[in-house]
Amino acid sequence: MVTAAFLFVSGNSAEALCIKTKKANLRKGPGVKHEKLWEVLKYMPLQKVARKGAWYKVKDLDGDIYWAHQKLFTKKFKCAVIKQDKTNLRTGPGTKHKPVEWSPVDKYFSMKVMRVKNNWVEVMDAAGDKAWVHRPLIWIR
């Protein structure tokens with residue numbers, strides 16, 4: 001149980017957020033008139049670093065900064081994103097378990113965190129498919 005609590009603590013005091021909508025536009029500035037820089041999918045984790053009205057300034061796993069409307073986010077659950085291409089997702093918590101049918105996945109594949117077992121995290125994608133991933137291979141917020 002101590003492990004699970006430790007995994008979700010951020011390195012700074014910024015607030016952890018998770019995309020709750022099917023898709024979300026990340027913009028250059030706070031407002032729809034600002035350029036759309038990236039369209040992310042459900043369960044993308046981001047770190048809130050500032051706020052301007054109803055807009056959050058957020059940071060992604062690479063440290064890049066964007067703006068998005070507050071209605072796109074939730075704090076009700078944790079989310080994870082893959083840190084590198086060709087990452088295997090498995091049927092159970094450990095390398096002795098086979099990869100799931102839809103594995104491997106690439107960087108920026110986002111998922112909802114379901115539970116943690118030792119150094120393995122059970123995740124669920126936007127389609128509702130579940131798998132396990134080794135903790136060092138993901139960024140959790």
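Within segment 12-67, which residues are surrounded by 18 or more Cβ atoms within 10 Å (Cβ to Cβ), assigned to a strand (DSSP E or B) and in contact (Cβ under 8 Å) with a residue 60 or more places away in the chain?
Passing the criteria: LEU17, CYS18, ILE19, VAL40, PRO45, LEU46, GLN47.
Which condition does LYS71 not pass, out of (1) in a strand (DSSP E or B); (2) assigned by TED's automatic domain parsing to the domain that holds VAL32, if it passes all the others?
(1)
Condition check ((1) modelled with pLDDT of 95 or more; (2) small (Gly, Ala, Ser); (3) in contact with a helix residue (DSSP H, G or I) (Cβ under 6 Å, 6 or more places away or on another chain); (4) at positive phi) across all residues:
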site: LYS52; (1), (2), (3), (4): yes, no, no, no
site: TYR56; (1), (2), (3), (4): yes, no, yes, no
site: ASP60; (1), (2), (3), (4): yes, no, no, no
site: GLY63; (1), (2), (3), (4): yes, yes, no, yes
site: TRP67; (1), (2), (3), (4): yes, no, no, no
site: THR74; (1), (2), (3), (4): yes, no, no, no
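Given the options VAL32, VAL2, VAL113, name the one that is at pLDDT below 95 and either in contact with a Lys or Arg (Cβ under 8 Å, 6 or more places away or on another chain) or farther than 22 Å from LYS130 by Cβ (or both). Quick ask: steps written out before the conclusion?
Details: VAL32 fails: at pLDDT below 95; VAL113 fails: at pLDDT below 95.
Just a single option satisfies the conditions, and that option is VAL2.
Could you tell me whether VAL40 is touching a Pro at 6+ places or on another chain (Cβ under 7 Å), closer than 17 Å to SER110 by Cβ and at pLDDT 95 or above?
For VAL40, the condition - touching a Pro at 6+ places or on another chain (Cβ under 7 Å), closer than 17 Å to SER110 by Cβ and at pLDDT 95 or above - is not met.
Evaluate the following for LEU41: is it assigned by TED's automatic domain parsing to the domain that holds ILE19 and under 18 Å from LYS22 (Cβ atoms)?
Judged against the criteria, LEU41 is a match.
Please enumerate the residues belonging to segment 88-115 that are assigned to a strand (DSSP E or B) and under 15 Å from the mean Cα position of the chain (by Cα).
Hits for segment 88-115 are VAL105, SER110, MET111, LYS112, VAL113, MET114, ARG115.
The values are calculated or read from the model by the stated rules, or taken from the named source; none is laboratory data. Everything numeric here is computed off the predicted structure, so don't read it as measured data. Every residue, glycine among them, receives a Cβ derived from its backbone with ideal geometry; neighbour counts consider all protein chains shown.
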